[in-house]
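One structure below.
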Amino acid sequence: MKYVAAPWRRTYVQKALKMKKCVFCEALKQKNEADALILFRGQHNFIILNRFPYTTGHLMIAPYRHLAAFEKAPRPVVEEAVSLVQLVIRILKKCYKPHGLNIGLNLGHSAGAGVAGHFHIHVVPRWTGDANFMPVIGETRIFCEDLQTTYNRLKPYFDREQQKQEK
């Protein structure tokens with residue numbers, strides 16, 4: 001059996017545990033969506049870039065309501081969230097052409113949730129060979145672009161989808 005360490009996440013999880021405010025709720029309060037890294041707003045959920053991504057293009061879908069228990073979320077919230085996962089997959093495949101994707105929920109701190117009080121779905125694009133020795137040995141992540149570049153690259157795709165939904 002192989003074990004994978006992700007030491008770079010320790011800093012984020014420790015910081016999130018100390019935070020008194022929810023990062024998702026705080027992002028929604030920001031006036032500038034680019035600063036908040038919000039790419040798309042649905043009726044019940046929004047899509048946001050992860051500030052501490054595993055890979056370039058790591059996105060999250062979260063409800064507007066501060067909900068910790070996925071199983072207690074109203075059906076329309078869950079249905080739209082799943083629909084937005086499909087949208088994210090289509091856009092990531094067009095924009096970044098990943099070899100695969102990881103999609104998941106971490107419910108609770110012991111399950112790895114950095115923000116346990118507000119459920120969210122991770123969509124992480126993956127490429128063959130994207131995990132190497134640098135994060136484990138050197139505690140360093142290497143990305144092909146910064147967050148603002150990723151945001152600017154993805155935003156037009158999401159804007160087109162937003163316009164389609166508004167018609």
How large is ³J(HN,Hα), in whole Hz, for each residue of region 75-80 in order, when computed from phi with the Karplus curve 6.51 cos²θ - 1.76 cosθ + 1.60 and θ = phi - 60°, using x for Gly and Pro? 3, x, 5, 5, 4, 5
Step through the residues of region 50-55 one at a time and calculate ³J(HN,Hα) from phi using the Karplus curve (6.51 cos²θ - 1.76 cosθ + 1.60, θ = phi - 60°), rounding each to whole Hz and writing x for Gly and Pro. 6, 5, 10, x, 6, 9
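Using a 10 Å cut-off around each Cβ, can you sort 149, 56 from fewest to most neighbouring Cβ atoms?
Numbers: 149 12, 56 22.
Sorted ascending by nearby Cβ count, the order is 149, 56.
How high is the FRET efficiency from residue 163 to residue 105, r the C-beta distance, R0 35 Å, rounded to 0.05?
After rounding to 0.05, the efficiency reads 0.75.
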Amide H partners (placed H, <5 Å) of residue 56, local residues excluded: 144
Using 22 Å as the Cα-Cα cut-off, could you pick out the over-long pairs in 29/97; 72/167; 93/164; 97/155? 29/97; 72/167
Residue 41 and residue 94 label points (each 7 Å along its Cα→Cβ direction) are spaced in nm at 2.1 nm
Once amide hydrogens are built 1.01 Å from N within the peptide plane, the residues lying 5 or more places from residue 46 or on another chain with amide H under 5 Å from its amide H are 62, 64
What residues have an amide H closer than 5 Å to that of residue 112, excluding those fewer than 5 places away on the same chain, when H is modeled at 1.01 Å from N in the peptide plane? none
With θ set to phi - 60° and the Karplus curve 6.51 cos²θ - 1.76 cosθ + 1.60, what are the ³J(HN,Hα) couplings of region 94-111 in order, to the nearest whole Hz, using x for Gly and Pro? 5, 7, 10, 6, x, 7, x, 9, 9, 10, x, 10, 10, 9, x, 4, 5, 8
Given the Cα-Cα distance of residue 83 and residue 130 and 0.36 nm per residue of separation, how much length would full extension add, in nm? 14.2 nm
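Computed from the coordinates by the stated procedures, all read-outs in this text should not be read as laboratory data. None of the values given here were measured: they were computed from a predicted structure. Counting neighbours? That spans all protein chains shown, and the Cβs are built from the backbone with ideal geometry, glycine included.
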